[in-house]
Amino acid sequence: MMSPEGNVELYRLLKNWNPLDLELAGRDAFDFDAEIYDSMDVLFKYEGNMEKAGFGIQDIFHFSFEETIPMDRIRPIVMEAFKIIELYKEP
């Protein structure tokens, strides 16, 4: 279980990560909230397992956008996410 502040930090991390460089005219960033929340679920489910979490996130984006994000773009975000999860873990 993670504190509410940790959930916010994890959301911010994933929101600022734009792995497919998606943009819509007139908006700062593409809105992919569903993929963010699904990715958060994957990170909690596979906490500590970089490979499974990475492939889970890759699958989420592939399903939504029919594009495959290379693992070398996913690994750094998964590592950072695991740090946030560990930092904000409740006893």
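The values are calculated or read from the model by the stated rules, or taken from the named source; none is laboratory data. This one's a predicted model, so the numbers in the text were calculated from it and none came from an experiment. FYI the Cβ positions are ideal-geometry reconstructions off the backbone, even for glycines, and counts take in every protein chain you see. Just so you know, the surface numbers come from the protein's heavy atoms only, side chains and all, with ligands and any DNA or RNA stripped out. Shrake-Rupley method; radii C 1.70, N 1.55, O 1.52, S 1.80 Å.
Taking the condition of being modelled with pLDDT of 95 or more and either open to solvent by 30 Å² or more (accessible area, probe 1.4 Å) or among the aromatic types (Phe, Trp, Tyr) (or both), how many residues in region 74-91 meet it?
Residues of region 74-91 modelled with pLDDT of 95 or more: 74-88.
Filter again for either open to solvent by 30 Å² or more (accessible area, probe 1.4 Å) or among the aromatic types (Phe, Trp, Tyr) (or both), leaving 75-76, 79-80, 82-83, 86-88.
Matching residues across region 74-91 total 9.
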If we keep just the residues of region 11-53 that are over 20 Å from residue 63 (Cβ atoms) and loosely packed, with under 11 Cβ neighbours inside 10 Å, which is modelled with the lowest pLDDT? 25
Among the residues of region 57-68, which ones are at pLDDT 95 or above and in contact with a helix residue (DSSP H, G or I) (Cβ under 8 Å, 6 or more places away or on another chain)? 57, 58, 60
